[in-house]
Amino acid sequence: MGLKGELATMSLEDILQWLAVGKKSGVLELRGVLHTKRVSFIAGKVTSVWSSDPREYLGQYLLAYNRITEAQLREALASQEDENQLLGRILVSRQLITEAEIRRIVQLKVEEAIFDTFLWEMGSFEFHDGAPPAQKTMLLSLDVTGIVLEGARRMDEWKRIRRSILGNDAVVSAISEAIAEHLPLAPEDADILSRLDGHKTVDQLIIEMRAPEFKVNKLIFDLHEKGMVRIVDGGGKLGDKSSLQLQRARQFVEKQKLREAQAELKSILEGQPRLEEANRMLQVVEHLLEETVIDQALVPELAISLEQLMEAQLGPNEAFLATRVNGVWSIRDIISISPFTEDECLAIFSKLLKRGILKTAPPL
């Protein structure tokens, strides 16, 4: 028997428990404002998760935990295209990581992808009874009870966090004197503190660290509770109204009503110009409207000096891609290791080329 509806009507906790108690096998599809996830079940246990969000790809987790480099990931992905093997298997065969480490990170990736949906403000679900997993992947067998308990805990923690850090547009700075009193620091604390400059938003830190939204917010919240960081700007310029508009914009895009989507997104950005989700979606929509075709085999190069690049006032996603340009990797290579969708990457490359920040050359 299938089941579908809105997460506002039936909570994710209730859905997961229904699947576990009924020992269901199939795929639970979860559709949010920006991304879709598919959670596979066998006899009521979670076996795998597919996500349309590139930040939740295995390669991004391996980079976030410093298990491989971007160059190693790119080489492994190129081999994957030729050999049609799982990314983890390729990395293990190259002795870049052990099988035990891969399994641990795959489980972490699966759990984090589900935990993230507990924090969605809106979304829909549909259970496809008996459907096979979305793609070939390492299968796990995770008990739903632990996932539900942690998801509920994070929801409570998220409410506490959002009373101090009102949104991902918040800006924080480190307090050197207080940090000195807490030495030595935990590695994760030291990492995030080293990135705080009083200007970066939480969104920028999430991209830089390739870390889940909850993790970055929790690290900052805990450091703030200890008096080690100062909230320069609490943010919170996002709201229910913008979430509803983003949902409508996405529906327009899915129906190929690009002009309507463009108008909806521009309406959001008039009042909230720093809203990252709207900016990202608008770049994609405008790229599709222009029907600009970029040859992904071309090699991008900087058309300006590094000093000029630093002064170019790039958005966080634009800056991420621009700083991966090395005169060797093709556009396709850079897209493969980025935490953004292919459409978004192409839209950004198109914009940077038009602004004269990048130029392209044929591959060597």
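The values are calculated or read from the model by the stated rules, or taken from the named source; none is laboratory data. All values derive from a computational prediction rather than experimental measurement. Cβ atoms come from the backbone with ideal geometry, glycine included; neighbour counts cover every protein chain shown.
Which condition from (1) touching a strand residue (DSSP E or B) at 6+ places or on another chain (Cβ under 7 Å); (2) among the charged types (D, E, K, R); (3) within 30 Å of Arg103 (Cα to Cα); (4) surrounded by 18 or more Cβ atoms within 10 Å (Cβ to Cβ) is the one that Asp203 breaks?
(1)
Let's see how each residue does on (1) in a loop (DSSP other than H, G, I, E, B); (2) of a type in the set (Gly, Ala, Ser); (3) surrounded by 18 or more Cβ atoms within 10 Å (Cβ to Cβ):
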| site | (1), (2), (3) |
| --- | --- |
| Val110 | no, no, yes |
| His128 | no, no, no |
| Ala152 | no, yes, no |
| Glu157 | no, no, no |
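Residues that are more than 28 Å from Glu177 (Cα to Cα), touching a residue at least 24 places away in the same chain (Cβ under 8 Å) and buried (at least 20 other Cβ atoms within 10 Å of the Cβ): does the range 216-237 have at least one?
No, the range 216-237 contains no residue that is more than 28 Å from Glu177 (Cα to Cα), touching a residue at least 24 places away in the same chain (Cβ under 8 Å) and buried (at least 20 other Cβ atoms within 10 Å of the Cβ).
Suppose the filter is at pLDDT 95 or above, among the basic types (Lys, Arg) and surrounded by 14 or more Cβ atoms within 10 Å (Cβ to Cβ); does Arg89 pass it?
Details: at pLDDT 95 or above: no; among the basic types (Lys, Arg): yes; surrounded by 14 or more Cβ atoms within 10 Å (Cβ to Cβ): yes.
Considered against the rule, which asks whether it is at pLDDT 95 or above, among the basic types (Lys, Arg) and surrounded by 14 or more Cβ atoms within 10 Å (Cβ to Cβ), Arg89 comes out as no.
I'd like the residue in the range 34-53 that is surrounded by fewer than 20 Cβ atoms within 10 Å (Cβ to Cβ) and not small (Gly, Ala, Ser) and, out of all such residues, is nearest to Val284 (Cα to Cα).
Filtering the range 34-53 down to residues surrounded by fewer than 20 Cβ atoms within 10 Å (Cβ to Cβ) leaves 34, 36, 42-45, 47, 50, 52-53.
Add one more test, that the residue is not small (Gly, Ala, Ser), and what stays is 34, 36, 42, 45, 47, 50, 53.
On the way: Leu34: 12, Thr36: 17, Ile42: 36, Lys45: 36, Thr47: 32, Trp50: 22, Asp53: 15 Å.
The qualifying residue nearest to Val284 (Cα to Cα) is Leu34.
Pull up the range 1-30, narrow it to residues that are part of a strand (DSSP E or B) and surrounded by fewer than 19 Cβ atoms within 10 Å (Cβ to Cβ), then point me to the one that is farthest from the chain's Cα centre (by Cα).
From the range 1-30, those part of a strand (DSSP E or B) are 3-6, 26-30; that's our starting set.
Filter once more, keeping what is surrounded by fewer than 19 Cβ atoms within 10 Å (Cβ to Cβ): 3-6, 29.
On the way: Leu3: 27, Lys4: 25, Gly5: 25, Glu6: 23, Glu29: 18 Å.
Only one residue tops the list, namely Leu3.
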